[in-house]
1. All but one of (1) away from chain C (no Cβ under 14 Å); (2) at negative phi hold for A:Asn79, so report the exception by its number.
2. Within region A:40-75, can you find the residues that are within 18 Å of C:Ile135 (Cβ to Cβ), outside any helix (DSSP H, G or I) and out of contact with any Gly (no Cβ under 8 Å at 6 or more places or on another chain)?
3. Consider only pairs whose beta carbons are under 8 Å apart and that are at least six residues apart or on different chains; among these, list those whose first residue lies in region B:56-79 and is away from chain C (no Cβ under 12 Å) and whose second residue is in a helix (DSSP H, G or I).
4. Of the numbered conditions (1) surrounded by fewer than 16 Cβ atoms within 10 Å (Cβ to Cβ); (2) among the hydroxyl-bearing types (Ser, Thr, Tyr); (3) closer than 28 Å to A:Ser67 by Cβ, A:Thr283 satisfies every one except a single condition; which is it?
5. If you go through region A:152-170 one residue at a time, how many are acidic (Asp, Glu) and free of Cβ contacts under 8 Å to residues at least 12 places away in the same chain?
6. State all residues of region C:95-135 that are aliphatic (A, V, I, L, M) and more than 23 Å from A:Gly187 (Cβ to Cβ); if no residue qualifies, say none.
7. Quick check on my filter: what residues within region C:135-148 are outside any loop (DSSP other than H, G, I, E, B) and either of a type in the set (S, T, N, Q) or facing another protein chain (nearest Cβ under 7 Å) (or both)?
8. Residues A:Thr50, A:Thr59: which one is at pLDDT 95 or above, closer than 27 Å to A:Ile169 by Cα and within 14 Å of chain C (Cβ to nearest Cβ)?
Amino acid sequence: MFMLEKAMAGSRRYWLWIFCLLAVIGTGLVCYLRQLDHGLGITGLSRDVTWGLYIAQFTFLVGVAASAVMVVLPYYLHNAKAFAKVTILGEFLAVSAVTMCMLFIFVDMGQPARVLNVLLYPTPHSIMFWDMVSLGGYLVLNAVIALVTLRAEREEVPPPGWIKPVILISIPWAVSIHTVTAFLYNGLPGRSLWLTAILAPRFLASAFASGPALLILLCLLLAKVTRSPLFREPVQKLGVIVTYAMSISVFFVLLELFTAFYSQIPEHTESLRYMFAGLDGHTRLVPWMWTSNALALGALALLLVPRYRHNDSLLAIASGMVFFSLWIDKGIGLIVAAFVPSPLGAITEYSPSLAEALISLGVWAFGLLILTVLSKIVLAVRARSLMEAVK
Amino acid sequence: MRDRGIIWMGLALFLVFLTLPAWHNLSARVSAKGPQPVPPAGQKQCVAPVEYMRTSHMRLLLDWRDSVVRRGAQDYTSPDGRHFAMSLTNTCLRECHSAKADFCDRCHNYEAVAVPCWDCHMDSKTLLGSVK
Amino acid sequence: MNLTRQAFLRLTGIAFLTGAARKLVAAVTGPRWAMAVDAAKCATQPNCTRCIAACHQAHNVPAIPDPRHEIHWIAKEPFARTFAAEEDQYSPVRALPAMVLCNHCENPPCVRVCPVQATFKREDGIVAMDWHRCIGCRYCMAACPYGARSFNWEDPRPYIHNPNPEFPTRTKGVVEKCTFCAERIGTGRPPACVEACPQKALVFGNLADPQSPLRALLASRRHVRRKPELGTQPNVFYFL
């Protein structure tokens, strides 16, 4: 019923890719079993830095998930025809990203067997409760929307009328998931790096840059694999979105830097100093953060000049730079640095352990597997309609 | 017709899976006599009637847990009017069921239930053994 | 069950009201536990760690050698670190010891963020923990501005060298912290750290009782609390 059968036929390369993903997932699973047995002590986390790679990946991926709205909104509200063929891809990307988010939360739990306590003792004053509600809802919304519209496409009938309001709900819902995720962090009294009202807008801006950047890469890849022009059409439009969002994202970061360093309030500068210059000789994050900065500036230079942006290969490079830059910023820096220094002024550095990295890779591979299978279904449905059109 | 072999093989596999618990019990020599827990000597009456304890001790313990941890209450009055401090280690084990292995564990093992109680609560006898 | 809907609703209503009333009465008339640390008295014994030892022994707090996985409920830190923003480099109290423990805040951020109410505020002011319910998400550790909380990164039992059978250990994957010895004050005893201090530098008492020695001390001596600007309203006070 989910058209899964369409994902079961593919070329050698397709199956090779699937098996590679399965191998990475398997490795991650083995490491997770070890973590389950021994405890979270096998990670690089500590009493002072209590959240690391897992929660940071979660944060980053909520952004990727939310960014589906960047193709859904123009298509359904502004009738942007270029996005007709990629809205479903955007929604499936959201499905895969939300699934990864949930897995990253799950692998971060000290007592995973008790995770359903969150439902058993619903606690509205905890933002984590609302995060679970919004993520769960978003997953269902996108899965339903994408499957229903894809089925309609396969049957060559217009989608049922009831799906329109569901799609409209999914638009503010996408904004809500990343807002709530920002609220997880910026409502905490002792973590000055997060205690900023522009955290939510900052999250959204970086999400609307990194998600569409990934979608550009996905479209270009699919265009290459299928030699179909359908996927190339929206790429340039997405490029404009990435340009705007990345500019705003960098602007927001500069706002944070100004507020902290012009006011010179120690609490507000310490974590930032740790990120960009190091504190008392502890500089583990510094090379990462400057790589992120350099990639961001390089990407902006490519994106802001129309001549470069209109070149698909340069756009692909810029998209990769945007994605990687924001991955470092949100997927490493922003979470870890908020714990440095500790409330008692201690500086404990964090780097993920091998097992932790392999578990994270396993989750990413699982997400990619979902995305691969779902994209394959889309391609199979489209290929059939193309062939029939030729006949 | 070519699939006949595969079908039979599938059926055989299915049968093996279906009867797996029986084979497992045979190989593990589980007796049909039951777990035979040893009640504490010299004690007649638990904090509630035996029938209730047998079927619902876990409910009572969970209720004790919530009373002590969440409501700050420590005293329990049994149906026959006696008072007990609600504590798994300090009351249940110390006052009566000191032989946990012959009482709690026998049934739990027989029923194959893994209770996480002992991850934290200490059995005063095996305490030092379990804590290296 | 011969319960009519009306009777059921009436019973539910009564239960709800009596529950709420009990809470209200307890909040108004019950005790409000708090502690004061006399830094000058504590400083007379610079090498003393008796309170820490007593607390950690009473509560089976493991002695984990790896500092990253360390667990402590109470620790000794100089004023220079505990009150970093307040004590300038010329301050005479920089080197004084300030015992740090859970502040049992009036308005605790850890309770606000916990998604399962595993950490909660009791009517007597104690910020308590339910280790049966904790899912190990460590949101409370991110929320606590005092670094009062520790996480069990691994099974703590191998590091408990002299266990106290009357108190449970914890298991891997849960957060723990000072409980103001809820199990002791329930039976009328003072917290283990207070009892162990040879200098009587730790004073435990009831803020709701105007006659309590703690209230008298607070009324007569200048004191500070950690990071009061955050609005958490700590219930651990420090005399200079």
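The values are calculated or read from the model by the stated rules, or taken from the named source; none is laboratory data. Just so it is clear, the structure is predicted and the values come from calculations on it, not from any experiment. Cβ sites come from the backbone with ideal geometry, for glycine too, and all protein chains shown count toward neighbours.
1. (2)
2. A:Thr50, A:Trp51
3. B:Leu60/B:Tyr52; B:Leu60/B:Met53; B:Tyr76/B:Trp64; B:Tyr76/B:Ser67
4. Unmet condition: (3).
5. Going through region A:152-170, the residues acidic (Asp, Glu) turn out to be A:153, A:155-156.
The next check asks that each one be free of Cβ contacts under 8 Å to residues at least 12 places away in the same chain; those that pass are A:155.
Result for region A:152-170: 1.
6. Within region C:95-135, C:Ala95, C:Leu96, C:Ala98, C:Met99, C:Val100, C:Leu101, C:Ile126 meet the criteria.
7. Answer for region C:135-148, where residues must be outside any loop (DSSP other than H, G, I, E, B) and either of a type in the set (S, T, N, Q) or facing another protein chain (nearest Cβ under 7 Å) (or both): C:Tyr139, C:Met141, C:Ala142, C:Ala143.
8. The match here is A:Thr59.
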